[in-house]
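Written below as structure tokens is the structure these notes are about.
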């Protein structure tokens with residue numbers, strides 16, 4: 001535990017010391033280019049991209065807004081869980097916002113994405129609304145998956161978001177399949193499959209890596225390393241915790257996952273690489289403030305000091321906020337944005353609370369497609385004609 | 001060659017005739033009924049007075065199911081120096097606190113966390129057991145047992161058979177919490193017991209109360225065959241009972257009769273037994289139907305004789321489980337009893353089980369074979 005905190009602090013110290021900000025003009029306009037130096041990337045069997053990232057104020061503003069929306073949504077989910085409006089399992093993403101923001105900034109909606117159960121934010125990053133997420137968490141029919149999937153199962157077909165998977169590591173070979181389809185259809189798109197450091201020990205990940213490398217599939221494996229596989233620290237569950245090297249013959253890059261610009265840089269680079277050469281692994285060094293899920297206090301296996309240190313020194317939203325303010329962004333406008341986001345989340349929660357529960361007969365919809373001659377038996381053995389109705393029209 | 005085949009056939013015919021020879025049934029029934037004592041008129045949580053549990057004569061104390069499991073693991077580690085307990089997050093006590101204190105008492109060499117790899121955990125356990133050690137593996141939720149399915153079915157179950165008895169992995173016990181918990185959704189509520197009963201070579205054991213859990217777990221760990229022990233997670237905290245301190249075992253392969261009755265036999269296991277008990281009580285109070293409630297305890301091999309004797313007494317059978325009805329273990333019970341008690345049955349045997357859909361989140365109430373549904377079906381079977 002002490003070794004882990006020291007390592008985390010060291011990486012953070014390296015980051016702030018090399019953070020140099022250059023301006024091209026004296027007054028910062030929204031579209032002025034700002035050059036930020038991020039922490040250098042670690043590379044395995046590949047040349048690392050440059051760690052000087054170009055950005056603009058308007059881009060930083062968009063990043064800030066998006067991350068803040070995610071943060072407030074997850075905090076609202078926390079409160080609703082404690083109020084017992086959300087039941088079941090609820091895995092929160094706060095602390096890891098920069099990972100998703102950076103990824104989405106580097107990709108398009110035509111690139112497929114698949115992730116684990118920590119997927120509330122992926123739904124909104126792929127075009128969903130906060131209200132849909134909250135309604136899904138409450139189990140209401142206006143939710144992202146009609147209230148039938150719950151916290152771990154959010155999907156968005158139009159935006160190529162393939163979920164939301166409950167079983168750890170099961171999404172990794174799925175991602176390989178998605179990427180294969182992109183290649184087969186000759187699309188200039190990649191698939192991103194996201195998993196955590198715990199899942200990096202699953203056998204199916206290595207099966208997927210082997211297949212992807214063998215067939216040159218344009219897939220980006222993203223390991224969101226938040227240093228804990230639920231309650232077990234990475235040094236206790238992985239012999240080699242440099243997850244970006246675990247691909248062996250598959251090249252890898254490691255970036256600071258709390259820095260949205262570093263993530264964006266490395267993902268754009270990875271996308272170019274994947275389209276040309278095949279699979280690549282990205283390890284994004286991040287941290288989750290909450291426990292593994294709402295049933296886990298998160299403090300039995302790590303100290304509160306560590307969590308607080310992360311919050312004060314490496315928080316992704318604070319970092320972008322500092323950049324914005326240092327480059328002349330109006331603090332009052334930031335406050336206004338904050339307020340709007342809070343209101344958006346509060347409204348979403350209220351609307352979700354008022355939404356209806358899914359009707360009973362939706363229970364046996366969409367178990368099978370074309371369910372002719374299939375009968376789903378009921379509790380007493382009686383028969384129920386199943387229904388294929390992906391629109392849930394009635 | 002032909003004569004030996006004919007010989008086999010004649011033996012099977014004779015057995016078939018014997019099994020339907022009612023002359024023998026009352027004697028079997030009498031001895032069985034005498035040995036299994038039922039009860040629980042007042043409380044919903046059955047207390048087992050099974051006289052064939054080897055009691056230490058020690059005092060007992062009131063503990064819940066997860067403490068009973070912890071107790072059993074402590075005894076297993078204490079009495080067997082080769083025993084190891086491993087699984088995801090067992091070190092700090094596990095997600096249900098069943099392994100609390102073990103690492104502190106027995107050390108990291110014997111109680112340790114594994115990485116997130118179910119297939120690896122079970123495969124590793126099989127290897128350890130093949131060396132003669134006692135490997136007690138934990139799969140964090142039964143829903144996650146499927147990556148290990150190949151190891152269990154193809155490796156563990158067949159090791160003794162395919163090596164001609166040279167090797168075996170009898171020291172392997174896989175513990176896993178199963179069953180609905182009220183808010184588990186698709187992947188924290190499944191009951192996969194039926195898949196494993198279909199594999200000759202494995203044993204499947206499911207306790208329904210703290211005393212059962214401790215006795216059955218100790219028996220399972222010491223059984224010289226690979227055993228899968230499903231623990232009803234809903235009962236970890238809610239089921240409290242007087243559990244004898246000290247070492248005792250409840251034999252595998254024997255069912256227990258919780259409540260004697262004369263009108264219908266209700267068969268279940270794990271947390272469903274609680275539902276059956278409550279339903280039996282309700283139905284007795286309201287409809288004056290006397291139900292005999294049986295907890296099979298071991299699903300593979302299951303106690304055919306006890307259930308058969310009971311159905312021969314009552315003439316009606318109802319099996320209930322949470323798992324989906326199609327090809328659930330209830331099907332096996334119903335098929336076997338239908339054959340053995342065919343001429344005695346007064347009504348077709350019935351199954352009241354989970355629906356043929358993935359385990360739902362918001363619809364859990366509708367899905368579960370609950371007490372309300374039970375009442376309806378008991379009533380309908382009576383008529």
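The values are calculated or read from the model by the stated rules, or taken from the named source; none is laboratory data. Not measured: the values here are computed from a predicted model. Backbone-built Cβ (ideal geometry, glycine too); neighbour counts: all protein chains shown.
Please go through (1) more than 14 Å from chain A (Cβ to nearest Cβ); (2) assigned to a helix (DSSP H, G or I); (3) surrounded by fewer than 22 Cβ atoms within 10 Å (Cβ to Cβ); (4) in contact (Cβ under 8 Å) with a residue 40 or more places away in the chain for residue B:125 and return the number of the only condition it doesn't satisfy.
(3)
Residues being crowded, with 24+ Cβ neighbours inside 10 Å and either part of a helix (DSSP H, G or I) or within 14 Å of chain B (Cβ to nearest Cβ) (or both): count how many of those fall in segment A:206-223. Show your work before the answer.
Step one: filter segment A:206-223 for residues crowded, with 24+ Cβ neighbours inside 10 Å, giving A:208, A:212, A:217-223.
Then drop every residue that is not either part of a helix (DSSP H, G or I) or within 14 Å of chain B (Cβ to nearest Cβ) (or both), which leaves A:208, A:212, A:223.
Of the residues in segment A:206-223, 3 are crowded, with 24+ Cβ neighbours inside 10 Å and either part of a helix (DSSP H, G or I) or within 14 Å of chain B (Cβ to nearest Cβ) (or both).
For segment B:259-267, does any single residue satisfy the condition of being under 22 Å from residue B:218 (Cβ atoms), in contact (Cβ under 8 Å) with a residue 40 or more places away in the chain and surrounded by 24 or more Cβ atoms within 10 Å (Cβ to Cβ)? Explain how you work it out, then say what you get.
Taking segment B:259-267 as the starting set, the residues that turn out to be under 22 Å from residue B:218 (Cβ atoms) are none.
Looking through segment B:259-267, none of the residues is under 22 Å from residue B:218 (Cβ atoms), in contact (Cβ under 8 Å) with a residue 40 or more places away in the chain and surrounded by 24 or more Cβ atoms within 10 Å (Cβ to Cβ).
Mind counting the residues in segment A:269-302 that are away from chain B (no Cβ under 14 Å) and either free of Cβ contacts under 8 Å to residues at least 40 places away in the same chain or part of a loop (DSSP other than H, G, I, E, B) (or both)?
Applying the first criterion (away from chain B (no Cβ under 14 Å)) to segment A:269-302 yields A:269-290.
Adding the requirement that they be either free of Cβ contacts under 8 Å to residues at least 40 places away in the same chain or part of a loop (DSSP other than H, G, I, E, B) (or both) leaves A:272, A:276, A:278-279, A:286-290.
Counting residues in segment A:269-302 that are away from chain B (no Cβ under 14 Å) and either free of Cβ contacts under 8 Å to residues at least 40 places away in the same chain or part of a loop (DSSP other than H, G, I, E, B) (or both) gives 9.
With respect to the numbered conditions (1) in contact with a helix residue (DSSP H, G or I) (Cβ under 8 Å, 6 or more places away or on another chain); (2) within 14 Å of chain A (Cβ to nearest Cβ); (3) at pLDDT below 85, which one is the sole condition not fulfilled by residue B:327?
The failed condition is (3).
Please work out if residue B:195 is in contact with a helix residue (DSSP H, G or I) (Cβ under 8 Å, 6 or more places away or on another chain), closer than 26 Å to residue B:236 by Cβ, more than 14 Å from chain A (Cβ to nearest Cβ) and in a helix (DSSP H, G or I). If you could, list the steps in order and put the result at the bottom.
On the way: in contact with a helix residue (DSSP H, G or I) (Cβ under 8 Å, 6 or more places away or on another chain): yes; closer than 26 Å to residue B:236 by Cβ: yes; more than 14 Å from chain A (Cβ to nearest Cβ): yes; in a helix (DSSP H, G or I): yes.
So residue B:195 fits the description; yes.
I want to confirm something. Restricting to segment B:76-114 and keeping residues that are free of Cβ contacts under 8 Å to residues at least 24 places away in the same chain and buried (at least 18 other Cβ atoms within 10 Å of the Cβ), which single residue is nearest to residue A:235 (Cα to Cα)?
For segment B:76-114, the residue satisfying everything is B:91.
I need the full set of residues from segment A:291-312 which are under 18 Å from residue B:188 (Cβ atoms) and touching a helix residue (DSSP H, G or I) at 6+ places or on another chain (Cβ under 9 Å), in order please. Can you show your working first?
Filtering segment A:291-312 for residues under 18 Å from residue B:188 (Cβ atoms) gives A:291-296.
The answer is A:294, and nothing else.
Among the residues of segment A:333-369, which ones are farther than 30 Å from residue A:61 by Cβ, touching a helix residue (DSSP H, G or I) at 6+ places or on another chain (Cβ under 9 Å), assigned to a helix (DSSP H, G or I) and touching a residue at least 40 places away in the same chain (Cβ under 8 Å)?
A:353
Looking at (1) modelled with pLDDT of 95 or more; (2) buried (at least 21 other Cβ atoms within 10 Å of the Cβ); (3) not in a loop (DSSP other than H, G, I, E, B), can you tell me which one residue A:250 breaks?
Residue A:250 satisfies all of (1) modelled with pLDDT of 95 or more; (2) buried (at least 21 other Cβ atoms within 10 Å of the Cβ); (3) not in a loop (DSSP other than H, G, I, E, B) except (3).
If I filter segment A:138-151 for residues that are within 13 Å of the chain's Cα centre (by Cα), farther than 19 Å from residue A:75 by Cβ and part of a loop (DSSP other than H, G, I, E, B), do I get at least one hit?
So the first thing to find is which residues in segment A:138-151 are within 13 Å of the chain's Cα centre (by Cα), and the list is none.
No, the conditions are met nowhere in segment A:138-151.
Hey, among B:175, B:222, which residue is more than 30 Å from residue B:360 (Cβ to Cβ) and either out of contact with any strand residue (DSSP E or B) (no Cβ under 6 Å at 6 or more places or on another chain) or buried (at least 20 other Cβ atoms within 10 Å of the Cβ) (or both)? Give the derivation first.
Working: B:175 fails: more than 30 Å from residue B:360 (Cβ to Cβ).
Criteria check complete, one pass: B:222.
Is it true that some residue in segment B:158-170 is within 30 Å of residue B:64 (Cβ to Cβ) and more than 14 Å from chain A (Cβ to nearest Cβ)?
Within segment B:158-170, the subset within 30 Å of residue B:64 (Cβ to Cβ) is B:170.
Going one step further and asking which of them are more than 14 Å from chain A (Cβ to nearest Cβ), we end up with B:170.
Yes - at least one qualifying residue is present in segment B:158-170.
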